[in-house]
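Participant: I am attaching a structure below and will ask some questions about it afterwards.
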């Protein structure tokens, strides 16, 4: 998957978890974080990303890293409050982990080794209209086509999330999750 699909999914989850009454500056940082989080497993770092696909796309590795990030961010209640509360933290982890599911949708057949290092089994849930594009640069027509297909496929989810927020459904869920977290 390209960063387009991952970013749109992160934005969708961000819309669902957005706290009320925050400043425009806070929301800009919030949506930037939610756009970046689903792309973490592909960051081009040594021993990470597509250099070490089994490691960076392992459910267990990503759960461990997201747990460590949560502990770091939620260590103090004032930091948790500034971030936006438990709902935002849970949404951030969901955005991060969404990468693994979204990558399994591609029809290249190999799937995602989400159970590494405990199993070599891969998760493959191919959707026929998604296809892998070659690494960029240069940006080719195949890239643009892949970006467009992902945009058309995932942008409606942002609209759905926005509609759910406007209907008040997400606020009721947030109150239920916050009540359970206390």
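Participant: Do the conditions hold for residue 64, that is, is it in contact with a helix residue (DSSP H, G or I) (Cβ under 9 Å, 6 or more places away or on another chain) and more than 26 Å from residue 139 (Cα to Cα)? I'd like the intermediate steps shown before the answer.
Facilitator: Values: in contact with a helix residue (DSSP H, G or I) (Cβ under 9 Å, 6 or more places away or on another chain): no; more than 26 Å from residue 139 (Cα to Cα): yes.
The answer is no for residue 64.
Participant: Looking at the range 72-81, is at least one residue touching a residue at least 24 places away in the same chain (Cβ under 8 Å) and in contact with a helix residue (DSSP H, G or I) (Cβ under 8 Å, 6 or more places away or on another chain)? Even if it seems obvious, please write down each step before you answer.
Facilitator: At the first step, the residues of the range 72-81 found to be touching a residue at least 24 places away in the same chain (Cβ under 8 Å) are none.
No, the range 72-81 contains no residue that is touching a residue at least 24 places away in the same chain (Cβ under 8 Å) and in contact with a helix residue (DSSP H, G or I) (Cβ under 8 Å, 6 or more places away or on another chain).
Participant: Tell me yes or no: at least one residue of the range 153-167 is more than 24 Å from residue 34 (Cα to Cα), out of contact with any helix residue (DSSP H, G or I) (no Cβ under 9 Å at 6 or more places or on another chain) and surrounded by 11 or more Cβ atoms within 10 Å (Cβ to Cβ). Let's see the steps before the verdict.
Facilitator: Initial filter on the range 153-167 (more than 24 Å from residue 34 (Cα to Cα)): none.
Checked the range 153-167: no residue is more than 24 Å from residue 34 (Cα to Cα), out of contact with any helix residue (DSSP H, G or I) (no Cβ under 9 Å at 6 or more places or on another chain) and surrounded by 11 or more Cβ atoms within 10 Å (Cβ to Cβ).
Participant: Within the bounds of the range 29-44, is there any residue that is more than 24 Å from residue 146 (Cα to Cα) and assigned to a loop (DSSP other than H, G, I, E, B)?
Facilitator: Let us first name the residues in the range 29-44 that are more than 24 Å from residue 146 (Cα to Cα), namely 29-30.
Restricting the remaining residues to those that are assigned to a loop (DSSP other than H, G, I, E, B) gives none.
No, the conditions are met nowhere in the range 29-44.
Participant: Next question, about the same structure. Which residues, taken from the range 46-86, are surrounded by fewer than 12 Cβ atoms within 10 Å (Cβ to Cβ) and within 18 Å of the chain's Cα centre (by Cα)?
Facilitator: Within the range 46-86, 64, 67, 68 qualify.
Participant: Would you say residue 115 is touching a residue at least 12 places away in the same chain (Cβ under 8 Å), more than 20 Å from residue 6 (Cα to Cα) and either surrounded by 11 or more Cβ atoms within 10 Å (Cβ to Cβ) or out of contact with any helix residue (DSSP H, G or I) (no Cβ under 6 Å at 6 or more places or on another chain) (or both)? If you could, list the steps in order and put the result at the bottom.
Facilitator: Details: touching a residue at least 12 places away in the same chain (Cβ under 8 Å): yes; more than 20 Å from residue 6 (Cα to Cα): yes; either surrounded by 11 or more Cβ atoms within 10 Å (Cβ to Cβ) or out of contact with any helix residue (DSSP H, G or I) (no Cβ under 6 Å at 6 or more places or on another chain) (or both): yes.
So residue 115 passes the test.
Participant: What's the number of the condition residue 21 fails, among (1) over 21 Å from residue 151 (Cα atoms); (2) in a helix (DSSP H, G or I)?
Facilitator: With (1) over 21 Å from residue 151 (Cα atoms); (2) in a helix (DSSP H, G or I) applied to residue 21, the lone miss is (2).
Participant: Kindly evaluate residue 9 against the criterion of being modelled with pLDDT under 90 and surrounded by 19 or more Cβ atoms within 10 Å (Cβ to Cβ). First the steps, then the outcome.
Facilitator: Working: modelled with pLDDT under 90: no; surrounded by 19 or more Cβ atoms within 10 Å (Cβ to Cβ): yes.
No: the conditions fail for residue 9.
The values are calculated or read from the model by the stated rules, or taken from the named source; none is laboratory data. Given the structure is predicted, the values throughout are model-derived calculations rather than measurements. Every residue, glycine as well, gets a Cβ built from its backbone with ideal geometry; the counts of neighbours run over all protein chains shown.
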